[in-house]
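Asks: Submitted below is the structure of interest, expressed as structure tokens.
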Amino acid sequence: MRNVVAEHRKALEWSQQKLADELGVSRQTVISIERGKFDPSLPLAFGIATVFERPIEELFFPEPPE
Amino acid sequence: MTGDDHRTKWGRSKIGSGRVPAMAIAIPFGVVIGFLLSLVAVWAGIAGPDPIVGAAAFALCLAVPATMSVWVLVLDRSSLEGAAELPEESIESRWYTKAAAGAQTDVILLAGIAALALTLLPGGSGADPRIVLLGVIGASFVSFSIRYQVLRRTA
């Protein structure tokens, strides 16, 4: 799944650690989500949407079909 | 969403008021458990020819793991410095689950191969079960560690 978490985080001038603290997860989790290596659970995805005050579909997108 | 106030390296106990350092409970209990287990070792006759030296060695070796075990039981995770508030949502939890599942498969495979080898090899049926069980534990540790490190490094 693709996402624009990094773009929204940088727009707020937050560090990865700051976002991790806001979400209650490890910094490595944020790094992996931003790199697209880790698809967050639905509760965590909603947590991210809440933190950025954006609907979830503005942050996460399915991979385009090949 | 996090409360970093008053977090400490070793955390506080979840028992009682929640203000007692976890190690203040874990260390005395760990030492007592280590001492009691050393008495069991002497009673079972596995402490060597000199019971005092044997008991001291057992007590020293068992006090640390006993202390850490008590610490894990009494620790309030939220009081631990650097601990994530939602560890189950973190990627480390995913790595742990995947590594544990893979290690279980490895151990089943290894146990099957070892059972076949012990059946076919002459004298294999007389294998010491303590050694076999230690081998199973060792294999599961090694498999889990390698799998976890691979997942961590490729993330």
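The values are calculated or read from the model by the stated rules, or taken from the named source; none is laboratory data. This structure is a prediction, so every number in the text was calculated from the model and none was measured. Quick reminder, even Gly has a Cβ in these numbers, built from the backbone with ideal geometry, and neighbours come from all protein chains shown. These area figures cover heavy atoms from the full protein model, side chains too; ligands, DNA and RNA do not enter into them. Shrake-Rupley method; radii C 1.70, N 1.55, O 1.52, S 1.80 Å.
Asks: So, for the stretch B:87-154, what is the accessible surface per residue at a probe of 1.4 Å, expressed in square angstrom?
Replies: Numbers: 4860 Å² over 68 residues.
Averaged over the residues of the stretch B:87-154, the accessible area is 71 Å².
Asks: With charges set only on the Cβ (+1 for Lys and Arg, -1 for Asp and Glu), what does the dipole of the stretch B:87-154 come to about its Cα centre, in debye to the nearest 20? Each step should come with its number before you reach the end.
Replies: Values: 6 positive and 5 negative charges, 35 e Å.
Computed charge dipole of the stretch B:87-154: roughly 180 debye.
Asks: May I ask you to derive the relative contact order of the stretch B:1-141, considering only C-alpha pairs under 8 Å and at least 6 residues apart, and to give it as an integer percent? Kindly include the intermediate steps, with their values, before the conclusion.
Replies: On the way: 141 pairs, mean separation 34.7, N = 141.
Relative contact order of the stretch B:1-141: 25 percent.
Asks: Which value results for Rg/Rh of chain B when Rg is the Cα radius of gyration and Rh the Kirkwood radius based on the inverse mean 1/r? Could you put the intermediate results ahead of the total?
Replies: Working: Rg = 20.9 Å, Rh = 19.2 Å.
Using Cα coordinates only, the ratio equals 1.09.
Asks: So who's got an amide H within less than 5 Å of the one on A:W14, skipping anything under 5 residues away but keeping other chains? H placed 1.01 Å off N, in plane.
Replies: Those lying under 5 Å, H to H, from A:W14: there are none.
Asks: I would also like to ask the following. How do A:M1, B:M23, B:M68 rank by accessible surface area computed with a 1.4 Å probe, from largest to smallest? Please list the in-between numbers first.
Replies: Numbers: A:M1 90, B:M23 35, B:M68 70 Å².
The most accessible residue leads, giving A:M1, B:M68, B:M23.
Asks: For peptide A:36-43, what's the mean number of Cβ atoms from other chains within 10 Å of each residue's Cβ?
Replies: Details: counts 0, 3, 5, 1, 4, 5, 0, 3.
Rounded to a whole number, the mean comes out at 3.
Asks: Let me ask something else. Quick check: the distance between the Cα centres of the stretch B:1-63 and the stretch A:1-51, to the nearest angstrom?
Replies: Cα centroid to Cα centroid, the span is 39 Å.
Asks: Normalising by the residue count of chain A, find the relative contact order in percent from Cα pairs under 8 Å and 6+ residues apart.
Replies: Numbers: 58 pairs, mean separation 28.1, N = 66.
43 percent.
Asks: Going by alpha carbons, how many degrees (0 to 90, nearest 10) lie between the helix axis of A:42-52 and the longest principal axis of chain A?
Replies: Long axis of A:42-52 versus the principal axis of chain A: about 60 degrees.
Asks: Can you list which of the DSSP-assigned H helices in chain B have a Cα extent of 30 Å or more along the long axis and an average Kyte-Doolittle score of at least 1.6?
Replies: Numbers: long enough: B:22-44 (32 Å, 2.35); B:51-74 (32 Å, 2.04); B:91-120 (43 Å, 0.88); B:129-154 (37 Å, 0.80).
Answer set is B:22-44, B:51-74.
Asks: If you don't mind, there's one more thing I want to ask. On the accessible surface of the protein assembly as shown, probed at 1.4 Å, how many percent belong to carbon and sulfur atoms?
Replies: Details: 9550 of 14350 Å².
Carbon and sulfur together cover 67 percent of it.
Asks: Follow-up. Please list A:F38, B:F29 from largest to smallest accessible area, probe radius 1.4 Å, with all protein chains kept in place. Intermediate values should be presented prior to the final figure.
Replies: Numbers: A:F38 10, B:F29 125 Å².
Largest to smallest exposure gives the sequence B:F29, A:F38.
Asks: A follow-up question, please. Once phi is turned into θ = phi - 60°, what whole-Hz ³J(HN,Hα) does the Karplus curve with 6.51, -1.76 and 1.60 give for every residue of the stretch B:8-17, x standing for Gly and Pro?
Replies: For the stretch B:8-17, the Karplus curve yields 10, 4, 9, x, 10, 7, 8, 8, x, 6 Hz.
Asks: A further question on this structure: Sort B:S69, B:S13 by heavy-atom solvent-accessible area, probe 1.4 angstrom, most to least.
Replies: Details: B:S69 65, B:S13 0 Å².
Highest to lowest solvent-accessible surface, that is B:S69, B:S13.
Asks: Another question about this same structure. Can you pull the accessible area of B:V136 for me, 1.4 Å probe, Å² to the nearest 10?
Replies: 60 Å²
Asks: Output ³J(HN,Hα) for the stretch A:3-9: one whole-Hz value per residue in order, computed from phi by the Karplus curve 6.51 cos²θ - 1.76 cosθ + 1.60 with θ = phi - 60°, and x for Gly and Pro.
Replies: Result, rounded to whole Hz: 7, 10, 5, 4, 4, 5, 5.
Asks: Taking 8 Å as the Cα distance limit and 6 or more residues as the minimum spacing, I'd like the relative contact order of the stretch B:87-154 as a percentage.
Replies: Values: 33 pairs, mean separation 35.1, N = 68.
Normalised by residue count, the contact order of the stretch B:87-154 is 52 percent.
Asks: Give me the dipole magnitude in Debye, nearest 20, for the stretch A:2-56 about the Cα centre, with unit charges on the beta carbon: positive for Lys and Arg, negative for Asp and Glu. Intermediate results must be reported in sequence, preceding the final value.
Replies: On the way: 8 positive and 7 negative charges, 38 e Å.
Approximately 180 debye in magnitude.
Asks: Can you give me the accessible area per residue for the stretch B:12-79, using a 1.4 Å probe, in Å²? Present the calculation step by step, with values, prior to reporting the outcome.
Replies: On the way: 4270 Å² over 68 residues.
I get 63 Å² per residue for the stretch B:12-79.
Asks: Right, here's the next one. For the protein assembly as shown, just run the numbers: alpha carbon Rg, then divide by 2.2 N^0.38 Å, N being how many residues it has.
Replies: Numbers: Rg = 24.1 Å, N = 221, 2.2 N^0.38 = 17.1 Å.
Output field value: 1.41.
Asks: Under a Cβ-only charge scheme (Lys and Arg +1, Asp and Glu -1), can you give me the dipole magnitude of the protein assembly as shown about the Cα centre, in debye to the nearest 20? Write down the numbers at each step before the final one.
Replies: Values: 20 positive and 22 negative charges, 103 e Å.
The dipole magnitude comes to about 500 debye.
Asks: Using a 1.4 Å probe and counting only protein heavy atoms, how much accessible surface gets buried when B and A come together, both sides summed, in Å² to the nearest 100? If you can, show how the numbers build up before the last one.
Replies: Values: alone 11090 and 4470 Å², together 14350 Å².
The buried area between B and A, both sides summed, comes to about 1200 Å².
Asks: Moving on to the next point. Compute the accessible area of each residue in the stretch A:8-30 twice, once for its chain alone and once with every protein chain present, using a 1.4 Å probe on heavy atoms, and list those whose area falls by at least 10 Å².
Replies: A:D21, A:E22, A:L23, A:G24, A:V25, A:S26, A:Q28, A:T29
Asks: Here is a follow-up. Rank A:N3, B:A56, B:W10 by how far each Cα sits towards the positive end of the charge dipole of the protein assembly as shown (+1 on Lys, Arg Cβ; -1 on Asp, Glu Cβ) and give me just the farthest.
Replies: B:A56
Asks: Among the aspartates and glutamates, which have Cα under 18 Å from the Cα of A:K10 when same-chain residues fewer than 8 positions away are ignored?
Replies: Hits, sequence-local ones excluded: A:D21, A:E22, A:E34, A:E53, A:E58.
Asks: Still on this structure: Given the Cα-Cα distance of B:V53 and B:I15 and 0.36 nm per residue of separation, how much length would full extension add, in nm? Walk me through the numbers before you get to the answer.
Replies: Details: separation 38, 0.36 × 38 = 13.68 nm, distance 3.54 nm.
The B:V53-B:I15 span can extend by a further 10.1 nm.
Asks: Looking at B:I146, B:S69, B:L39, which one has the Cα that reaches farthest to the positive end of the dipole of chain B (charges on Cβ: Lys, Arg +1; Asp, Glu -1)?
Replies: Looking along the dipole axis, the top candidate is B:I146.
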